[in-house]
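These notes concern the structure reproduced below.
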Amino acid sequence: QGAGFEVARRIARSHHENFDGSGYPDGLAGDAIPLEARIVRLADTFDAITHGRPYQAARPVDRALEEIDRQAGTQFDPHLARLFVDMLQGDPGLWSRLQQARKPDGWESAGTPVPGPFGHIQDEASR
């Protein structure tokens, strides 16, 4: 089983914990959530927002970063959230590649999805 297995186990167990303690399965908060799980939480959320899901259309990268900013301190470690957003916005080459690679074709005209955890983003985008 080795060290890699232990890291994977911690991520799998804790990547749905929220920084404020409102997550699951253990209700961990703050630094009690393993660092690697807090990082995966950010990446997983970014991926979920910028790729289509059965319950929601894909959203643009800037909307994903707005949501991460909005949830910093509640869902996400505020320090890691700031680093994540700054890293993506601070490198023009990376930002351009992300915008191109994650451009959700037709996201504005997508049908109304089943309400999901980020439904309010679509509501704001359609205004």
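Note on D62 and D26: with the Förster distance fixed at 41 Å, the Cβ-Cβ geometry gives a FRET efficiency of about 0.80.
Can you give the Rg to Rh ratio for segment 38-82, taking only C-alpha atoms and Rh from Kirkwood? Present the calculation step by step, with values, prior to reporting the outcome.
Values: Rg = 10.3 Å, Rh = 10.5 Å.
Here Rg/Rh amounts to 0.97.
Of the Cα atoms belonging to segment 8-72, the radius of gyration and Dmax stand at 12.4, 33 Å. Extending 7 Å from Cα along the Cβ direction at A8 and again at D47 yields two label points whose distance is 1.4 nm.
Approximating the spin labels as points 7 Å out from Cα along Cα→Cβ, the Y55-to-H79 distance works out to 3.2 nm.
How large is the accessible surface per residue of segment 1-42, computed with a 1.4 Å probe and reported in Å² as a whole number? Provide the component values of the computation, followed by the final result.
Numbers: 2420 Å² over 42 residues.
Counting only protein heavy atoms, the per-residue value for segment 1-42 is 58 Å².
Once you reduce segment 65-79 and segment 15-41 to the center of their Cα atoms, the two points are 13 Å from each other.
The values are calculated or read from the model by the stated rules, or taken from the named source; none is laboratory data. Keep in mind that this is a model prediction, so the values were computed, not measured. For neighbour counting, all protein chains shown are included, and Cβ atoms are generated from backbone atoms with ideal geometry for every residue, glycine included. In case anyone asks, the SASA skips ligands and DNA or RNA and just uses the protein heavy atoms, side chains included. Shrake-Rupley method; radii C 1.70, N 1.55, O 1.52, S 1.80 Å.
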